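The values are calculated or read from the model by the stated rules, or taken from the named source; none is laboratory data. Given the structure is predicted, the values throughout are model-derived calculations rather than measurements. Here Cβ is always computed from backbone atoms with ideal geometry, including for glycine, and neighbour counts include all displayed protein chains. Note: areas computed on protein heavy atoms with side chains; ligands, DNA, RNA excluded. Shrake-Rupley method; radii C 1.70, N 1.55, O 1.52, S 1.80 Å.
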Amino acid sequence: MSALAVRGLCVEFASARGIVRAVQNVSFDLAPGERLGLVGESGSGKTTTALSLLSLIRPPGRIASGEILLDGVDIARATPSALRRMRAARIALVPQGAMNALNPVLTCGAQFADLFAAHGAPGGTARIAKLLASVGLGVEVATLYPHQLSGGMKQRVCIALAIALRPAVIVADEPTSALDVIVQKQILKTLLAVQRDIGAAVVLVGHDMGLMAQFAHRIGVMYAGRLVELAFVRDIFATPRHPYTRMLIDSLPGFGARGVFKGIPGLPPSLLTALPGCSFAPRCPRAGPRCTVEMPQTRILEGGGEVRCHDA
Amino acid sequence: MTLELKSAGVSFGGTLFAGPRKRALAPLDLSIGATPHILAVVGESGSGKTTLTRLLLGLLRPTSGAVMWNGRDVWRLPKPEFQEYRRAVQAVFQDPFGAYNPVYRVDRMLTLPALRFGLAASEETARPLAEAALAAVGLRPAETLGRFPHQLSGGQRQRLMVARAMMLKPSVLIADEPVSMVDASLRATILETLYRLRHEERMSLLYVTHDLATAYQIADSIIVMRDGEVVEQGETVSVIRTPAQSYTRDLVAALPPPDPTIDWGLESSS
Ligand SMILES: Nc1ncnc2c1ncn2[C@@H]1O[C@H](COP(=O)(O)OP(=O)(O)OP(=O)(O)O)[C@@H](O)[C@H]1O
Ligand SMILES: Nc1ncnc2c1ncn2[C@@H]1O[C@H](COP(=O)(O)OP(=O)(O)O)[C@@H](O)[C@H]1O
Ligand SMILES: [Mg+2]
Ligand SMILES: [Mg+2]
């Protein structure tokens with residue numbers, strides 16, 4: 001039994017210039033307690049996928065097709081009241097730019113109290129203090145307003161809010177990209193400890209390949225709206241199969257030569273018009289004639305990975 | 001073109017309504033821009049990095065000391081010099097989610113400053129400048145212009161800010177975590193652009209980051225901040241390879257190795 005199953009997810013945004021196909025035919029399963037990392041080029045659809053998991057896509061966006069199954073309920077089609085019950089309690093989100101997600105006119109403590117009240121959960125000062133402590137914050141933070149905190153402190157409050165109701169799935173969109181490395185490590189330790197404690201599965205969206213290497217069991221790689229590779233973390237780093245994954249890993253800086261940059265030349269394709277072939281083909285050093293005319297289908301590899309590439 | 005802090009410090013609060021007095025930045029001397037230079041600023045959150053950038057940008061008045069532009073107090077510059085300072089010192093703000101006015105299309109973010117600072121005489125002549133700036137950060141002009149900020153991804157918003165700042169050809173760019181939300185490949189591309197601006201266009205950069213690997217890649221020197229104070233500073237390679245302070249060593253050690261076979265100690269309790 002998986003904790004969460006995503007089947008053929010397609011998400012579109014209507015825009016003045018046409019339909020933006022932000023997520024195209026994404027499928028994956030999340031085992032209970034599994035930690036899945038979602039990486040990929042900026043704009044490739046990670047946040048859109050993450051928000052879809054809680055049915056938080058706002059018009060003019062919509063989930064065009066696909067299913068998101070949690071506790072036997074299809075979140076993509078759940079009623080507003082079912083969604084209200086499930087969000088935070090069964091599946092929680094730490095949004096990208098979470099520090100702006102806090103209510104500016106409430107103290108941090110009041111935001112916890114509101115959350116507990118909305119779900120009829122026992123709260124209280126001691127519980128709030130414990131949650132704040134679990135993300136490395138003192139109890140006095142409960143009495144402060146968001147503008148009185150630094151960015152990193154706000155981010156930690158958001159994480160504490162997400163774990164408050166001990167959900168089955170935690171979706172965290174770049175939860176530490178605004179934090180320094182020391183706090184980041186504390187937060188990941190916290191997330192790991194809480195996740196183990198309650199057996200929650202985690203979808204971690206992020207750009208830090210180091211964090212992903214250390215935190216995730218499996219890694220999904222997105223490119224131009226598609227999941228182009230999904231494999232165990234060791235395999236992703238040791239034997240990346242998709243050329244995009246390989247180039248992404250190669251672009252990581254090290255402490256060797258300075259002033260050396262290995263970005264991938266070129267731009268990702270427009271999401272407004274569907275290319276006939278592989279969306280990475282225009283930038284791919286391995287692209288052959290077939291790649292520009294035929295969209296590669298997802299293939300299951302030995303060892304449990306999957307990849308969308310004719311050449312992998 | 002020199003931007004300096006002269007014993008400039010910032011404290012908040014200390015009045016009846018603003019709560020107890022808190023020192024965000026201890027008095028600090030700093031000079032950037034006289035010669036092309038990339039200065040990385042690293043340190044934990046709350047250590048005063050953003051406060052430092054707000055001082056340099058003239059957005060926050062120092063509570064002690066002064067901020068100087070070409071030897072003159074930024075807060076007492078006559079109008080024309082102040083306007084020139086506003087153009088020559090550009091910012092990329094830390095938080096791409098808070099930095100935009102949601103009711104304006106992103107075009108305005110680029111064309112307005114181009115007009116205001118006299119880089120273009122009309123909307124039409126501003127447009128090619130905007131397009132070139134977008135392309136330099138990997139954004140498709142046709143798909144970016146005409147959109148509202150909420151229609152862009154986090155990394156796209158962050159890149160838009162970098163594009164805007166570069167378009168204005170500043171002599172000093174103050175960038176607060178400018179690439180924290182983009183993937184490694186784009187990060188390399190954008191940092192390469194900034195690195196080139198320093199080497200080819202004589203731009204100086206103050207690069208606030210917690211990513212010591214990219215600081216190592218591009219910075220000439222580094223300052224390490226903690227609790228409002230500079231605890232270590234020096235030439236990049238020596239600060240990172242042979243840190244003098246245990247705090248700097250902790251920062252280096254806290255970098256997660258991008259290799260799942262290396263144990264980073266996430267499982268341990270301390
Ligand atoms: N409301 C919207 N209207 C139109 N297009 C949108 C909208 N929201 C997102 N998009 C587009 O959908 C694509 C995917 O966006 P998404 O936020 O999922 O990217 P991402 O992978 O999270 O990127 P990043 O790493 O930069 O945060 C992008 O090209 C983005 O510009
Ligand atoms: N407007 C403000 N009022 C009160 N305290 C503030 C304000 N802005 C920042 N601070 C405090 O100053 C310190 C430094 O903040 P900041 O410069 O944002 O740190 P960093 O950018 O290094 O994370 C923090 O302790 C923060 O809480
Ligand atoms: Mg995103
Ligand atoms: Mg900051």
Going by the alpha-carbon gyration tensor, a ≥ b ≥ c the square roots of its eigenvalues, is chain B rounded (a/c under 1.5) or, if a/c is not under 1.5, prolate (a/b greater than b/c) versus oblate? oblate
Placing each pseudo-label 7 Å from Cα in the direction of the beta carbon, residue B:148 and residue B:115 end up separated by a distance in nanometres of 2.1 nm
For the stretch A:264-277, Karplus-derived ³J(HN,Hα) couplings (6.51, -1.76, 1.60; θ = phi - 60°; whole Hz; x for glycine and proline) come out as 8, x, x, 10, x, x, 4, 8, 7, 10, 7, 6, x, x
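Gain in length, residue A:27 to residue A:7, computed as 0.36 nm per residue apart minus the alpha-carbon separation, to one decimal in nm? Working shown, then result.
Numbers: separation 20, 0.36 × 20 = 7.20 nm, distance 0.45 nm.
The span from residue A:27 to residue A:7 would gain 6.8 nm if fully extended.
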Quick check for you: which residues of the stretch B:51-72 have the amide N under 17 Å from the point 7 Å beyond the Cα of residue B:245 toward its beta carbon? B:51-53
Return the percentage of antiparallel bridges among DSSP beta bridges fully within the stretch A:121-274, rounded to the nearest 5 %. 55 percent
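For every other residue with a beta carbon closer than 13 angstrom to the beta carbon of residue A:310, add +1 if it is Lys or Arg and -1 if Asp or Glu, then tell me the sum. Please report the intermediate quantities before stating the final value.
On the way: positive: A:241, A:286, A:290, A:299, A:308; negative: A:294, A:311.
Here the count lands on +3.
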Using θ = phi - 60° and the Karplus form 6.51 cos²θ - 1.76 cosθ + 1.60, what ³J(HN,Hα) does each residue of the stretch A:150-164 get, whole Hz, x for Gly and Pro? 6, x, x, 5, 4, 4, 5, 4, 4, 5, 4, 5, 5, 8, 4
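If you filter the stretch A:227-312 for chymotrypsin sites (Phe, Trp or Tyr not before Pro), then keep DSSP loop positions with at most 10 other Cβ within 10 Å, what is left?
Details: sites: A:232, A:237, A:244, A:255, A:261, A:280; in loops: A:255, A:261, A:280.
Hits after loop and neighbour filter: nothing returned.
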Folded to 0 to 90 degrees: helix A:125-134 orientation relative to chain A principal axis, Cα: 40 degrees
Within the set A:140, A:229, A:34, GNM on chain A using Cα springs under 10 Å gives the largest fluctuation to A:140
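Would you tally the net charge around residue A:102, using a Cβ to Cβ cut-off of less than 12 Å, leaving residue A:102 out, and scoring K and R as +1, D and E as -1? Don't skip to the answer; put the middle values down first.
Working: positive: A:154, A:156; negative: A:114.
Value of the local net charge: +1.
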Whose amide H sits under 5 Å from the amide H of residue A:301, counting only residues 5 or more places off or on another chain, with H placed in the peptide plane? A:306, A:307
Within the stretch A:137-176, list the residues whose amide N lies under 12 Å from a label point set 7 Å along Cα→Cβ of residue A:119. A:160-171
Helix-only [θ] at 222 nm, chain A, -39500 (n - 2.57) per DSSP H run of 4+, per residue, nearest 500, equals -8000 deg cm²/dmol
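Filter the GluC sites (Glu not before Pro) in the stretch B:115-223 down to the DSSP loop ones having no more than 13 other Cβ atoms within 10 Å, then list what survives.
On the way: sites: B:123, B:124, B:131, B:143, B:192, B:200, B:201; in loops: B:201.
Qualifying residues, ordered by number: B:201.
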On C-alpha positions alone, give me the angle between the axis of helix A:108-118 and the longest principal axis of chain A, in degrees, nearest 10. 80 degrees
Among all the lysines, which ones have a C-alpha under 17 Å from residue A:130's C-alpha, if same-chain residues fewer than 8 places away are not counted? A:154, A:189
Give me, ordered by chain and number, the residues 5 or more places off residue B:38 or on other chains with an amide H under 5 Å from its own placed amide H. B:205, B:220, B:221
Residue A:197 to residue A:100: FRET efficiency via 1/(1 + (r/R0)^6), r the Cβ-Cβ distance, R0 41 Å, to the nearest 0.05? 0.90
Compute the label zone of residue A:127 within the stretch A:65-109: residues whose backbone N is under 15 Å from the point 7 Å along Cα-to-Cβ. A:88-90, A:109
For residue A:92, what residues show an amide H to amide H distance below 5 Å, using hydrogens built from the backbone and excluding near sequence neighbours? A:169, A:170, A:171
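R0 = 35 Å: FRET efficiency of residue A:107 with residue A:232, Cβ-based, nearest 0.05? Write down the numbers at each step before the final one.
Details: r = 43 Å, r/R0 = 1.23.
FRET efficiency, residue A:107 to residue A:232: 0.20.
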Provide the gained length on full extension for the span residue A:147 to residue A:299, in nm with one decimal, where the gain is 0.36 nm per separating residue minus the Cα-Cα distance. 49.9 nm
What value, in deg cm²/dmol to 500, does the helix sum -39500 (n - 2.57) over DSSP H runs of n ≥ 4 give at 222 nm once divided by the residues of chain B? -10500 deg cm²/dmol
Spacing of the two label points (7 Å from each Cα toward its C-beta) at residue B:135 and residue B:267, in nm: 5.1 nm
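Across peptide B:38-50, how many C-beta atoms of other chains are within 10 Å of each residue C-beta, on average? It would help to have the intermediate numbers written out before the result.
Values: counts 0, 0, 0, 0, 2, 2, 8, 14, 7, 3, 1, 3, 2.
The shielding value for this peptide is 3.
Rank B:195, B:247 by accessible area, highest first, at a 1.4 Å probe radius? Each step should come with its number before you reach the end.
On the way: B:195 55, B:247 10 Å².
Ranked list, largest accessible area first: B:195, B:247.
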Testing the spin-label approximation: label points 7 Å from Cα along Cα→Cβ at residue B:231 and residue B:76. State their distance in nm. 3.6 nm
